[in-house]
Each structure stands twice: as C-alpha cells, then as structure tokens.
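Presented below is the structure to which this report refers.
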Amino acid sequence: MKHLTPSPINLISAEADRMKKSGIHVFNFSAGDPILNNHPTILEAAKQALKEAISPYAPVAGLIELRSLASEWMNRRYQTKYAVSETIVTCGGKFGLYSALQILLEPGDEVLIAAPYWVSYPEMIRLASGVPCPIKTTEREHWKLTPESLKSHLTKKSKVLLLNNACNPTGALYSKDELAKLLHVASEANLTVISDEVYSELVFEGHSFVSCSSFPQHRSRTIVIESCSKNFAMAGWRVGFAFGPAEMISNMIALQSQSTTGTALISQKAAIGALLHADTVSSYVRQAMQRSRKLFFDTWNRLFSTNVTPAPSALYFFTKIQEEDSVAFCKQLLDSSHVALVPGIGFGMEKHVRFAFTDQEDELLKGLEALKKNTKQPYF
Ligand code: PLP
C-alpha cells in the first residue's frame with residue numbers, strides 16, 4: 001500500500017466537525033471557501049437542471065456550453081483567445097492541477113513552487129513521480145518569488161514552474177511586471193508554467209489581478225487553472241477549469257476519461273448559471289469577503305493591539321506564532337478555545353498558522369474574542 005499524506009486542512013476540519021457533532025461550538029478559521037449561500041442564479045440553474053435529464057454521463061471534457069462560457073470568461077477578462085478545444089472542465093481546480101502534473105511530469109522531474117505553498121502541491125507532484133522544489137519566500141519580500149530566487153533553484157531536471165497567484169496561504173499577488181520577469185526566466189529555462197489562479201476574483205481594494213494567460217508570447221507553455229469554488233463560492237459543486245494549448249488539454253481530457261469521467265452534470269449546469277452572470281456572482285462573493293476581511297483585521301488589531309495590514313488577495317491571514325510546533329499549537333487551541341486554525345507546517349512553514357476569514361461575521365467576531373479570552377500568553 002502507498003502511504004499518502006492527507007491534507008492537514010482536511011484533518012483539522014474533520015476534528016472540528018467531530019467536536020461540533022458532539023455539541024461543542026467551534027469557531028472555524030480553517031475553511032478555505034467562502035461560507036455563503038449560493039447566489040440565486042446558481043440555484044435557479046441547478047433547479048432547472050433537476051427538471052431535465054441529469055442522469056446520463058456528461059461529455060468527459062465538460063458540456064460544450066460550459067467550456068464555451070468558461071473560455072469567454074477568460075477571454076473577456078484577460079484579452080486572451082482560448083477556444084473550446086483549449087478548455088476543460090475538471091472536478092474542481094484541484095483535479096485540473098493534478099492532471100496537468102500527471103500529463104507533464106516524467107519520473108524525477110522537478111517542479112518549482114514558492115514556499116509557503118498550498119498544502120496539496122508537494123503530494124500532488126510526488127503522485128505524478130515528480131520532485132517538489134520549494135523556493136523559500138519571505139514576508140519582507142511580500143512572500144513572492146523573484147527572478148533571482150527562481151534562477152538560483154533551476155537545475156537540469158527543472159521541468160515545471162507551479163505558480164500560485166493569488167496565493168494561498170499568504171495572499172501574495174504578482175504585478176504584471178513581476179510576472180513578465182518570472183515568465184521570462186521560466187521560458188529561458190524551457191519550463192512549462194502551471195498557473196494556479198483559483199482566487200483570481202478575490203482581489204481587494206484597489207489591487208488588480210494579472211493572469212499568466214495575458215502574455216501571448218508564453219501561451220504555448222502555460223496552463224492556467226481556474227475554479228468556481230472560491231470565485232463563485234461553489235466549492236461543494238466541484239467545478240474547475242484548465243486552459244492551455246490544445247495538445248495539453250486533449251491529454252488532460254484523455255486522463256479524465258480514464259479517471260473521473262468528468263464533473264457531475266448538475267454541477268456543470270449550476271456553473272453555467274454562475275458564468276452567465278459571472279461578474280454579478282463574483283462581485284457578490286468579493287463584497288461579502290471584503291466585509292469579513294475588514295471585520296477580521298479591525299477586530300484583530302483592536303484585540304491584540306497590533307497594526308496588521310491585510311494581504312491584497314485571497315481569504316487568509318498567515319501569521320507567526322511563538323511556538324515551534326504549529327500542529328501542537330493548533331491542536332491545543334482547538335481544545336482550549338474551540339478555535340480551528342491550520343498549522344503552518346502544512347504549507348511548508350513552521351512557527352506559522354493560517355486563519356481563514358471566510359465564515360459569517362458574527363462567528364469571526366466571537367471566534368477572535370474567544371481566542372483573546374483564552375490566550376494566557378502572547379501567541380502572535
Ligand atoms: N489551489 C489553491 C491555491 C487552493 O487554495 C485550492 C483550494 O483550497 C485549490 C487550488 C483547489 O480548489 P478547488 O478544487 O475547490 O477548485
């Protein structure tokens with residue numbers, strides 16, 4: 001039997017759920033998806049689908065209407081020219097990432113990732129027989145890769161740059177100039193770029209998002225991963241997309257045909273509902289998350305007498321703790337304060353934890369107060 005490491009986020013969420021089921025109120029700062037009702041346009045589309053046939057298999061690559069709406073969504077936002085043949089619907093962004101790595105990597109190929117990284121990257125890379133190569137980033141450099149740091153980690157085995165913009169857990173957001181420089185280094189080194197952009201619409205206050213797809217000169221070596229989970233608050237529906245050169249996408253379709261057979265038909269219909277009104281739905285999610293973000297950081301700064309500035313994007317606060325062992329710290333906090341956080345070690349960085357500000361405002365407020373009340377020593 002292979003021994004795989006499950007996502008630490010799911011482990012903490014599972015423990016928090018277990019406590020909840022036994023009647024304990026848990027403050028959930030661990031969930032990485034907006035805790036919001038689905039926008040009515042999504043529910044209407046799903047209800048309509050229930051009246052139609054939803055039992056047959058959907059086309060493996062996704063419904064043509066959905067692929068077409070998804071590519072239009074990209075083309076409209078980034079002035080790209082993705083065709084339907086360059087678009088696949090996947091079971092969440094996660095399966096898009098997984099299958100892109102599966103089709104690209106040969107045993108021993110190295111994949112460069114910025115650390116702290118999203119928890120699933122290393123294991124996904126290993127599952128594709130690759131070798132994860134974390135590149136340490138620092139808070140001082142706003143947790144971003146630089147052309148120099150990327151160059152210094154290149155070897156003969158470097159094959160893929162897996163870039164997460166906007167970033168989970170740090171909220172790092174790359175400018176057009178920064179991306180241009182990184183993509184230039186990647187192209188000189190003949191790397192394929194997988195750009196994980198699942199938080200593209202969750203960029204706040206005066207910041208703007210630049211996609212790796214908006215560099216036509218790098219198009220032939222770039223796969224962009226998108227998702228409905230965060231941008232449209234549809235995590236449970238499991239709908240994501242990948243965009244890239246037709247040859248790579250058709251390989252991903254072949255992989256999908258031999259594994260998941262694609263995404264559930266009703267979920268695809270719901271995603272059509274979202275994409276038909278993409279700007280309305282993403283702005284509904286963004287505004288709700290913007291309010292939660294403000295409340296979280298205002299409350300944090302008031303309770304802990306700090307002056308923390310939120311990151312420009314995504315749904316998180318990644319912060320230092322005094323303790324060495326982030327797992328022990330999170331377990332202890334869950335037991336003592338009923339506050340669920342994610343340990344930094346899951347993101348490749350000890351002595352840190354991640355808060356998500358995705359829950360209802362009242363819950364965030366009470367959760368931070370519970371944290372403050374039970375905090376006998378300065379943790380942060
Ligand atoms: N990429 C990043 C950076 C994420 O944070 C997540 C989910 O938390 C995913 C991809 C996968 O999301 P999904 O499969 O729900 O689209």
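Below, the figures for the structure above:
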| read-out | value |
| --- | --- |
| All positions within region 244-283 that are under 20 Å from the mean Cα position of the chain (by Cα), farther than 25 Å from residue 54 by Cβ and of a type outside the set (S, T, N, Q) | 244, 279 |
| Test: residue in region 43-55 that is within 16 Å of the ligand (Cβ to nearest atom), farther than 24 Å from residue 201 by Cα and surrounded by fewer than 17 Cβ atoms within 10 Å (Cβ to Cβ) | no |
| Selection count where residues are in contact with a Leu (Cβ under 8 Å, 6 or more places away or on another chain) and within 16 Å of the ligand (Cβ to nearest atom), scope region 56-83 | 3 |
| Tabulated pairs, region 84-96, first over 10 Å from residue 256 (Cβ atoms) and more than 8 Å from the ligand (Cβ to nearest atom), second modelled with pLDDT of 95 or more and among the β-branched types (Val, Ile, Thr), C-beta under 9 angstrom, 6+ apart or interchain | 84/64; 85/249; 86/249; 87/249 |
| Selected residue (only one of 123, 106, 110, 52 is of a type in the set (Asp, Glu) and farther than 22 Å from residue 160 by Cα) | 52 |
| Total residues in region 153-179, condition within 16 Å of residue 111 (Cβ to Cβ) and more than 13 Å from the ligand (Cβ to nearest atom) | 9 |
| Test: residue in region 100-117 that is polar (S, T, N, Q), crowded, with 21+ Cβ neighbours inside 10 Å and within 16 Å of the ligand (Cβ to nearest atom) | no |
| Residue within region 76-95 that is at pLDDT 95 or above, of a type in the set (Val, Ile, Thr) and surrounded by fewer than 21 Cβ atoms within 10 Å (Cβ to Cβ) present | yes |
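The values are calculated or read from the model by the stated rules, or taken from the named source; none is laboratory data. As the structure is a prediction and not an experimental result, all values here were calculated from the model. Every residue, glycine as well, gets a Cβ built from its backbone with ideal geometry; the counts of neighbours run over all protein chains shown.
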